[in-house]
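One structure below.
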Amino acid sequence: MPAAFTLVAAAASDTGLVRQNNEDAAYSGRWLFAVADGLGGHAAGEVASAAAIESLRTHDAEAGPDALLEALGSAMTEVNREVARRAVEDPSRRGMGTTLTAMLWSGDRAALAHIGDSRAFRLRKGLLRQITEDHTIGKLVSDADFLAPVLSRYLDGRPDRSPDLGLRELREGDRYLLCSDGLSPVVSTERIREVLTSTPTPSEAVRQLVALAEEVGGPDNVTVVVVDVRKFDAGHQSTEPVALGSAAAETATR
Ligand code: CA
């Protein structure tokens, strides 16, 4: 089928101002975009998010609009198996896992897969909507009088860890944002919307979003991918696929 759109994307992953390591990872490719936020002690979080992104990026291929859901769904299953495989390599990785929010597009639509508390947003006609649901539950924190959000679902290699999967219709002018929780909810949705509506290019948007997270103290690793849906442009030179954060170490593309 003839290409309907050209997608233009940019990504950034930053350790932030407080953490020593970057346990986030990101991928921005031709057909596929993703953000992962690893968890686990002794650097296992970095291993988990890197494993997820490295495994997922092998599925950066044109699936065809009718096969998108199946392609992304089976990719997520493989990613979960890879996390399991890496976890058993080293006892210190026991219990490690990662969030994963991924978008695979083809033709006039995109499939979205999501597990954990990273987020995807869509900006359409000035309105910014979160299009993923956080997989968290409130948990009572000792000596605090509130319920802290705790991850209820993420990829940790167990076979029952199925992500939310859905299809989105792409429209010219849409802007998608995938991000780790170092951006949202650390930065308010309104401030994120201001940046997304005022920046002409994805690369300028990701630069300003990371700066916003640092303005409020950069308490966590911050990772963002911004994807613009533009009218098909046969002359568009797509940028080289890039893996960032913990996934950059092995691919050396950062
Ligand atoms: Ca995080």
I'd like to verify a number: residues in the stretch 213-247 that are at pLDDT 95 or above and of a type in the set (D, E, K, R), how many? 4
Residue satisfying all of: in the stretch 32-42; surrounded by fewer than 24 Cβ atoms within 10 Å (Cβ to Cβ) and within 15 Å of the ligand (Cβ to nearest atom); nearest to THR132 (Cα to Cα) among these: LEU39
If a residue must be more than 15 Å from SER118 (Cβ to Cβ) and touching a Pro at 6+ places or on another chain (Cβ under 8 Å), how many such residues does the stretch 202-228 contain? 1
In the stretch 169-202, residue nearest to the ligand (Cβ to nearest atom) [restricted to those that are of a type in the set (Lys, Arg) and free of Cβ contacts under 8 Å to residues at least 60 places away in the same chain]: ARG191
So, GLU54, is that one modelled with pLDDT of 95 or more, surrounded by fewer than 18 Cβ atoms within 10 Å (Cβ to Cβ), more than 16 Å from the ligand (Cβ to nearest atom) and not in a loop (DSSP other than H, G, I, E, B) or not? no
How many residues does the stretch 15-31 hold that are surrounded by fewer than 24 Cβ atoms within 10 Å (Cβ to Cβ) and more than 12 Å from the ligand (Cβ to nearest atom)? 5
Open to solvent by 10 Å² or more (accessible area, probe 1.4 Å), closer than 29 Å to GLU169 by Cβ and in contact (Cβ under 8 Å) with a residue 40 or more places away in the chain: is that true of ASP60 in this structure? yes
Selection from the stretch 208-234 of residues that are within 30 Å of LEU39 (Cβ to Cβ) and touching a strand residue (DSSP E or B) at 6+ places or on another chain (Cβ under 7 Å): LEU209, VAL210, ALA213, ASN221, VAL222, THR223, VAL224, VAL225, VAL226, VAL227
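Looking at ARG93, ARG158, ARG119, ARG81 in this structure, which one is more than 16 Å from the ligand (Cβ to nearest atom), open to solvent by 10 Å² or more (accessible area, probe 1.4 Å) and at pLDDT 95 or above?
Of the residues listed, the single one that is more than 16 Å from the ligand (Cβ to nearest atom), open to solvent by 10 Å² or more (accessible area, probe 1.4 Å) and at pLDDT 95 or above is ARG81.
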If I filter the stretch 30-51 for residues that are assigned to a loop (DSSP other than H, G, I, E, B) and within 25 Å of THR199 (Cβ to Cβ), do I get at least one hit? yes
Which condition does ALA102 not pass, out of (1) away from the ligand (no atom under 16 Å from the Cβ); (2) surrounded by fewer than 22 Cβ atoms within 10 Å (Cβ to Cβ), if it passes all the others? (2)
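The values are calculated or read from the model by the stated rules, or taken from the named source; none is laboratory data. Computed from a predicted structure; not experimentally measured. Note: ideal-geometry Cβ built from the backbone for every residue, glycine included; neighbour counts use all protein chains shown. These accessible areas exclude ligands, DNA and RNA; they are computed on the full protein's heavy atoms, side chains included. Shrake-Rupley method; radii C 1.70, N 1.55, O 1.52, S 1.80 Å.
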